[in-house]
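Take a look at the structure set out below.
The values are calculated or read from the model by the stated rules, or taken from the named source; none is laboratory data. Values in this document were obtained by computation on a predicted structure and should not be read as measured data. Using ideal geometry, Cβ is built from the backbone for each residue, glycine included, and neighbour counts are taken over all protein chains shown.
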Amino acid sequence: MPIHHYRPREADAGCPQCRAGFDLLQRLADPALTACPVCGAPVERVISAPQVVSGGAHHLRESNVAKNGFTQYRRIGKGLYEKTAGKGPDVISGD
């Protein structure tokens, strides 16, 4: 369920809660609010960009790798790898 942000239709109207804007957890199928639930002032839903995380790249940060007990290496040459995070040898060679 997305969180919808509401603000008053008129700049100086409403109570302190709706004047500053408020968030409401609603289903997409639910109709938009037309009035503040506290004071009844007319409000409108503000459309904003969603926060989307795709893939698992956000889990692969060096700090997360080391924190979870893994070691991460980066290829620096043919058969040669350098440690970037975690515990283990600083360099691994395929020789």
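Please work out if Glu62 is modelled with pLDDT under 85 and either within 28 Å of the chain's Cα centre (by Cα) or under 30 Å from Ala20 (Cβ atoms) (or both). Judged against the criteria, Glu62 is a match. If only one of Cys15, Cys39 is surrounded by 11 or more Cβ atoms within 10 Å (Cβ to Cβ) and either touching a Gly at 6+ places or on another chain (Cβ under 7 Å) or touching a residue at least 40 places away in the same chain (Cβ under 8 Å) (or both), which one is it? Testing whether each residue is surrounded by 11 or more Cβ atoms within 10 Å (Cβ to Cβ) and either touching a Gly at 6+ places or on another chain (Cβ under 7 Å) or touching a residue at least 40 places away in the same chain (Cβ under 8 Å) (or both) leaves just Cys39.
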